[in-house]
Amino acid sequence: MTDTPRTRRAILGISAFYHDSAAVLLVDGKIVAAAQEERFTRKKHDPDFPHFAARYCLAEAGLTPADLEAVAFYDKPYLKFERLLETYHAFAPRGLASFLTAMPVWIREKLFMRKMLKDELERLGPGSPELLFPEHHLSHAASAFFPSPFEDAAVLTIDGVGEWATTTIGKGAGSELSVLRELHFPHSLGLLYSALTAWCGFKVNSGEYKLMGLAPYGIEGSERVARYRQVILDKMVDLRPDGSLLLNMDYFDYATGLTMCRAKAFESALGLPQRAGESDITQEYMDLALAIQQITEEAVFRMADTAHALTGCKNLVMAGGVALNCVANGKLLKRGPFENIWIQPAAGDAGGALGAALAAWHIGLSQPRTAHAGEPGGDMMQGAYLGPSFSSGDIERTCRRFGAPAHKYEDFNALCERVAGLLAEGAAVGWFQGRMEYGPRALGGRSILGDPRHADMQKKLNLKIKYREGFRPFAPSVLEERMSECFDLDRPSPYMLLVAPVDESQRKPLPEGYWTRPMYDRLYVERSNLPAITHVDFSARIQSVSKATNPRYWQLIDAFRRGHGCPVVVNTSFNVRGEPIVCTPADAYACFMRTEMDALVLGDWLLVKEGQPEWREEGDWRTAFELD
């Protein structure tokens, strides 16, 4: 790269054209802004070039494309094309239909990615930044290591597939990052998990977290779970001691086909047909979900052991879609061998934009890495609050636009006390504050909140507000300094990427015959003093809230603790099923009015559902969001 002297050195990172496109802006090596395109276009997992996200990032810094030193794209298109051609050749004559579908797009567009990116960037404004193309898994690795709080760490990236790699083990030290081992396509832990996601009736690239949430309904130690595990390990995947794996492609169709699984082979092996989406979930699918979750955890443990042996590091950093499996993450932390684990909050492809920019800065430009110890949270991510924020004037204009009665609080503590009282009464409250989160989790910037002590809160949020499957669990947000009172976790979990047990002191005994009951009978048993966030296996996906990182959210939860004796709130993303998390005050108000949410907080403004004007819009809004 050419090192050109500039007042501020800016790099734009881009991920696009597969799913979850995003843009990230670094200025002098610091993250200034990051956002996913879906939040602006309102199209879930939007794969298109992130025009709106890139415009936002540049505007946040007061820059134009002419100010950019480089634009880094998150993978190497030619290498990916090579993988496609070699795969089609290896599996021929299978895959003709897929080949005929994919090749015209590549020949017409993706082979000319450099020109396509230049054309897209010109739409943002004049400029001629250098274009860089780090490999996909290097982007993931850079997103995991460089923002982390560690001076050195083993690096583990696991996803479906990049160009060729599906898993990498590496080491980061200072501003250096090296890849030590790779596992190549079609052998992929991420694609194995996605195949079983599809077989259980959920959508690939969006339903994997549902499979993870379904797994605890499986009956651990049962004959059927053991049989499913054995079938998968004997027939479908050869899991090696070092965590590498070989998939038997007689069972999988994703390499050259248009589906994940070869249906006849799968059904014959498992003795279970593919579940139709939206149909009832029987115990067989719950047990299958548990079996594949257990296999995934074992593979991650073995990969981590190998990473530890290769690097000798006490710290581990992770990225890639499989790093969002917070159940495996929590167990890995407790099991060892690593003393500390840090996971990139935007671990999926959206985070590739950040990793590409960081790889360009530290590797391409050879810039040193600075310590993050003094920054909030001890890492570079600023709590993942890297998206747009909106002023009090913006909120007031939104209220006027919709004719929405709202009360502005001059004293934020008074607002927190009022909202805490609403929560204690059983209200579901939309909470819209500060900058939007980057990554798939709502962390108190764009959240819907509830009282975890209310036994019916889980059902209310799922069925009357989120309009999603009733079995799905909700996460707790807990004051960081009070976490040990409620959960068996000995360190912060700011990004909701660790699952840990609810503390024994909070639990209630299970009734006799609990595991023989139907799914929803089990679900609605009060298992703890915090029933709305305690999953059927006494686990919870924890977000610890720091006063330093998100003072307003911390202040609300502390008001709830002081006024009502509970340092925990239910936190779920501010959206309905199939909708991206809300971005603007207008998005938030629309979601508030379309659902049975009881109140909405926009900055310093409180809106109560009672007294709002009748919500009117053309057509059925639910048709605008494809179910995920």
Filter the stretch 103-123 for residues that are open to solvent by 70 Å² or more (accessible area, probe 1.4 Å) and either touching a Leu at 6+ places or on another chain (Cβ under 9 Å) or of a type in the set (D, E, K, R) (or both) and give the result.
-> 108, 109, 114, 115, 118, 122, 123
Among the numbered criteria (1) surrounded by fewer than 22 Cβ atoms within 10 Å (Cβ to Cβ); (2) in a helix (DSSP H, G or I); (3) at pLDDT 95 or above; (4) of a type outside the set (Phe, Trp, Tyr), which single criterion is violated by residue 367?
-> (2)
Sort through 193, 254 and tell me the only one that's closer than 27 Å to residue 278 by Cβ and either assigned to a helix (DSSP H, G or I) or open to solvent by less than 20 Å² (accessible area, probe 1.4 Å) (or both).
-> 193
Tell me which residues, restricted to the stretch 93-102, are surrounded by fewer than 17 Cβ atoms within 10 Å (Cβ to Cβ) and in contact (Cβ under 8 Å) with a residue 40 or more places away in the chain.
-> 94, 97, 101
Looking at the stretch 551-566, is at least one residue among the polar types (S, T, N, Q) and under 20 Å from residue 415 (Cβ atoms)?
-> yes
What tally of residues in the stretch 601-619 results from selecting those that are on the phi > 0 side of the Ramachandran plot and either open to solvent by 60 Å² or more (accessible area, probe 1.4 Å) or modelled with pLDDT under 95 (or both)?
-> 2
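Quick check on residue 27: is it in contact with a Lys or Arg (Cβ under 8 Å, 6 or more places away or on another chain), within 27 Å of residue 361 (Cβ to Cβ), at pLDDT 95 or above and of a type outside the set (Phe, Trp, Tyr)?
Judged against the criteria, residue 27 is a match.
Matching residues to (1) open to solvent by 10 Å² or more (accessible area, probe 1.4 Å); (2) of a type in the set (A, V, I, L, M); (3) free of Cβ contacts under 8 Å to residues at least 60 places away in the same chain:
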| position | (1), (2), (3) |
| --- | --- |
| 406 | yes, yes, no |
| 411 | yes, no, yes |
| 421 | yes, no, no |
| 425 | yes, no, yes |
| 430 | no, no, no |
Working carefully through the options 115, 110, find the one that is at pLDDT below 95 and touching a helix residue (DSSP H, G or I) at 6+ places or on another chain (Cβ under 7 Å).
-> 110
Tally, over the stretch 432-474, of residues that are among the aliphatic types (A, V, I, L, M) and open to solvent by 10 Å² or more (accessible area, probe 1.4 Å) | 2
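Quick one: which helices (runs of 4 or more DSSP H) sit completely within the stretch 381-466 and have at least 2 residues that are β-branched (Val, Ile, Thr)? Let's see the steps before the verdict.
Values: elements: 392-402, 412-424, 457-460.
Once the helices (runs of 4 or more DSSP H) in the stretch 381-466 are filtered for at least 2 residues that are β-branched (Val, Ile, Thr), what remains is 392-402.
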Of all residues in the stretch 515-551, how many are among the hydrophobic types (A, V, I, L, M, F, W, C), surrounded by 17 or more Cβ atoms within 10 Å (Cβ to Cβ) and touching a residue at least 60 places away in the same chain (Cβ under 8 Å)?
-> 9
Working carefully through the options 32, 105, find the one that is in contact (Cβ under 8 Å) with a residue 24 or more places away in the chain and either within 23 Å of residue 163 (Cβ to Cβ) or not in a loop (DSSP other than H, G, I, E, B) (or both).
-> 32
Taking only the stretch 61-89 into account, find how many residues are open to solvent by 10 Å² or more (accessible area, probe 1.4 Å), among the hydrophobic types (A, V, I, L, M, F, W, C) and either in contact (Cβ under 8 Å) with a residue 24 or more places away in the chain or touching a strand residue (DSSP E or B) at 6+ places or on another chain (Cβ under 7 Å) (or both).
-> 5
Which of the residues that make up the stretch 1-19 are in a loop (DSSP other than H, G, I, E, B), more than 14 Å from residue 117 (Cα to Cα) and modelled with pLDDT of 95 or more?
-> 9
What about residue 150, is it hydrophobic (A, V, I, L, M, F, W, C), modelled with pLDDT of 95 or more and crowded, with 24+ Cβ neighbours inside 10 Å?
-> no
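The values are calculated or read from the model by the stated rules, or taken from the named source; none is laboratory data. These numbers were taken from a predicted model, which means no experiment stands behind them. When we count neighbours, we look across all protein chains shown, and the Cβ atoms used for this are built from the backbone with ideal geometry, even at glycine. Accessible surface is based on the protein model in full, side chains and every heavy atom, while ligands, DNA and RNA are left aside. Shrake-Rupley method; radii C 1.70, N 1.55, O 1.52, S 1.80 Å.
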